[in-house]
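No lab work stands behind these numbers, since they all come straight from the coordinates. What you are looking at is a predicted structure, and each value in this text was computed from that prediction instead of being measured. Reconstructed Cβ throughout: ideal geometry from the backbone, glycine too, with neighbour counts over all protein chains shown.
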Amino acid sequence: MKKTFQLQVEGKHPERLLEAIKHEIRKYLKRERRRDLPKGIDFWDFDCKFGLSEDTAQSVHLANVITCIDAAAKDQAKQFYVEILAKHGVRTKRPSSEILEAQERSAHDESND
């Protein structure tokens, strides 16, 4: 999805328009995640860009796209550009030292309760 969304459309309430845009983005993500995975691929990952125009778009994490949209609406921007492209994702194992540290932290947290 590469699209420039208008935030100020004559005859449409801005808050309802904003919710419709968020719904369209979430619907796109849901549709892409439902696609069949190729062999050897664990999940669908996404490359995302956000900006007030296509030229000024910067890379952002997928989890931050909606907050960027909210910030643009709060700043009363007239439009914004979103680019979300699906890519293959392969899970990697965490090093055993990280797993042990995480287990020790959780055990320590439980003992403090």
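Just a few scattered comments:
- Residue-count net charge about GLN8 - beta-carbon cut-off 14 Å; Lys, Arg +1, Asp, Glu -1: +1
- The range 48-92: trypsin sites (Lys or Arg not before Pro) in DSSP coil with no more than 16 other Cβ atoms inside 10 Å: LYS78, ARG91
- For the chain, modelled as a GNM whose springs connect Cα atoms under 10 angstrom apart, the maximal fluctuation among GLY51, GLY89, GLY40 occurs at GLY40.
- Furthest towards positive pole of dipole, LEU85, ALA73, PHE50, structure part the range 2-112, Cβ charges: LEU85
- Comparing mean-square fluctuations of LYS39, LYS30, LYS12 from a GNM of the chain with C-alpha springs under 10 Å, the top value falls on LYS39.
- Tilt relative to the chain, helix 65-74 - C-alpha long axis, 0 to 90 degrees, to 10: 40
- Euclidean distance between Cα centres, the range 56-80 to the range 1-22, Å: 13
- When the C-alpha to C-alpha distance is required to be over 31 Å, the pairs from LYS39/LYS78; LYS3/LYS93; LYS27/LYS74; LYS22/LYS87 that qualify are LYS39/LYS78; LYS3/LYS93.
- Between the Cα long axis of helix 96-112 and the first principal axis of the chain there is an angle of about 90°, rounded to the nearest 10.
- In loop segments of the range 1-63 as defined by DSSP, the GluC sites (Glu not before Pro) with at most 16 further C-beta atoms inside 10 Å of their C-beta are GLU10, GLU54.
- Ratio Rg/Rh [Cα only; Rh per Kirkwood] for the chain: 1.14
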